[in-house]
Amino acid sequence: MSGKKIGVLGCGMIAELGHLPALKHVAGISLHAVYDVNWNRALEMQSRFRIPHAFPTEKAFWESDIDAVVICTPAPFHLANVLQAAQYGKHVLCEKPLAMNEADILRMMKVMEDAGLMLLTGFTYRFSGSARAIHRLVRSGAIGEVRGLRLNYLWNLHGKWSWNENGERIASPLRVGRMLEGGPMVDCGVHQIDLARWWLGSEVEWQRGIGVWVEDYQAPDHLYLHMGHSCGAHTMVEISFSYNATSREPRTHFQYELIGSDGVIRYNREEHSFELRNSHGTQWLAWHPEKNFAGMHGEFVHALSTGDLRDMPTAKDGLLATRIARLATEEAIRDRERTSQDHPSTMARAANTVTSEVTSPLDLEEPADLPPSMLSALFERTKQ
Ligand SMILES: NC(=O)c1ccc[n+]([C@@H]2O[C@H](COP(=O)([O-])OP(=O)(O)OC[C@H]3O[C@@H](n4cnc5c(N)ncnc54)[C@H](O)[C@@H]3O)[C@@H](O)[C@H]2O)c1
């Protein structure tokens, strides 16, 4: 098999369900090697996807003749992974969020730039056929001048609970991990932030994050983010990990709406609907799932072969989305103690009611007026 030799570092859920199947089928790519700290997991993926090499040590993986690596480890490991990639001369496509804090992302960007290597961000939503159609429609003026975006993703992150090997109900480790890494805006909302910047071709000039605490982690598990773009448009992102988190029959809500001076574009994942309504009438557009890993890797191999990034999300795109998401989360936490008159604040309510379900050692211990660097400090602590 010929083509660019790609290695995948980290063989967990997103590697199995997203990257590995896509990398197997994209022209010009040879899925060459995998590595995971969990050796059995690496062997399982090697066998499932018929990959030539699974390496037992990370050193052997880096010393192999792969041209580029797709980093699919949890976010706290991304910095160390990228430093290794730079040392061994491998281009990188890194899963989001790029790293745990801005200083780490800037360091990653510097080492890769100094080594003359590409560092790209895995914003796979950009490559959905529907997201690409929105990009074209906005540019063609199909809804006139775009004034407002409403981007919602409400889901339960696979639920509040899981069960251990003894059949006992425990707090979902996936949920605890993602909440300690920054919560839903940092984990998922970065995709929506990236789409808004990309669709509008316009940077965010101001922002405001507002939180809702359904559970009592330090970060809010349901957030609203308002962003003002330099073009004058406004974006509202609403993201939740707690929507139906305890429901027996959960439902999700995933929608994009773009409101312009001549009409609306509306995409709804659950309804499989995608429509354009303007002064000319209504067009029902081809609906596609919100993610497209094969499309992303097609562009990745084009970038590797030609050096032309086209719409490939750069490290700067990853940096900006992460910066906005973390700031929104910090703003929400800072303002958590604001009370409505005669109603207890969310923290006071939690202090009175939540004892056995506290899932973070930091819950209820932090002062209300947390400095902006607080989340960074928290992320540092989770790395240890
Ligand atoms: N783009 C998307 O739609 C999407 C969806 C889910 C997750 N993600 C992102 O993908 C990344 C991985 O998420 P996941 O859900 O697959 O996690 P996961 O926990 O299921 O898998 C991570 C894997 O990495 C391995 N690992 C951990 N540290 C390692 C190291 N130092 N070296 C090698 N392997 C190591 C683990 O053993 C595990 O197999 C995260 O950054 C996450 O935010 C992206």
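Could you look through the stretch 229-244, keep only residues that are surrounded by fewer than 16 Cβ atoms within 10 Å (Cβ to Cβ) and small (Gly, Ala, Ser), and pick out the one that is nearest to the chain's Cα centre (by Cα)? Within the stretch 229-244, the match that is nearest to the chain's Cα centre (by Cα) is Ser230.
The number of residues in the stretch 229-262 that are outside any loop (DSSP other than H, G, I, E, B) and within 22 Å of Ala332 (Cβ to Cβ) comes to 11. How many of the residues in the stretch 114-144 are open to solvent by 20 Å² or more (accessible area, probe 1.4 Å) and in a loop (DSSP other than H, G, I, E, B)? The qualifying residues number 7.
For every residue, the table says whether it meets (1) surrounded by 14 or more Cβ atoms within 10 Å (Cβ to Cβ); (2) of a type outside the set (Asp, Glu).
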| site | (1), (2) |
| --- | --- |
| Tyr217 | yes, yes |
| Pro220 | yes, yes |
| Thr246 | no, yes |
| Val264 | yes, yes |
| Gly281 | no, yes |
| Leu304 | yes, yes |
| Asp317 | yes, no |
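Listed by first and then second residue, the pairs linking a residue in the stretch 1-25 that is assigned to a loop (DSSP other than H, G, I, E, B) to a residue that is small (Gly, Ala, Ser), with Cβ atoms under 6 Å apart and 6 or more places separating them unless they lie on different chains, are Met1/Ser30; Gly3/Gly28; Gly3/Ser30; Cys11/Ala42.
Each residue in the stretch 44-54 was checked for being of a type outside the set (Asp, Glu), within 12 Å of the ligand (Cβ to nearest atom) and surrounded by fewer than 18 Cβ atoms within 10 Å (Cβ to Cβ), and 0 pass.
Filtering the stretch 306-315 to residues that are open to solvent by 50 Å² or more (accessible area, probe 1.4 Å) and either modelled with pLDDT under 95 or of a type in the set (D, E, K, R) (or both) leaves Asp308, Arg310. Scanning the stretch 7-37 for residues that are surrounded by fewer than 24 Cβ atoms within 10 Å (Cβ to Cβ) and under 19 Å from the mean Cα position of the chain (by Cα) gives Gly12, Met13, Ile14, Glu16, Leu17, Gly18, Leu20, Ala22.
For His19, the requirement of being under 21 Å from Leu309 (Cα atoms) and modelled with pLDDT under 95 is not met.
The values are calculated or read from the model by the stated rules, or taken from the named source; none is laboratory data. Predicted, not measured: the structure shown is a model, and the values here were computed from it. Here Cβ is always computed from backbone atoms with ideal geometry, including for glycine, and neighbour counts include all displayed protein chains. Calculation scope for accessible area: heavy atoms of the full protein, side chains included, ligands and nucleic acids excluded. Shrake-Rupley method; radii C 1.70, N 1.55, O 1.52, S 1.80 Å.
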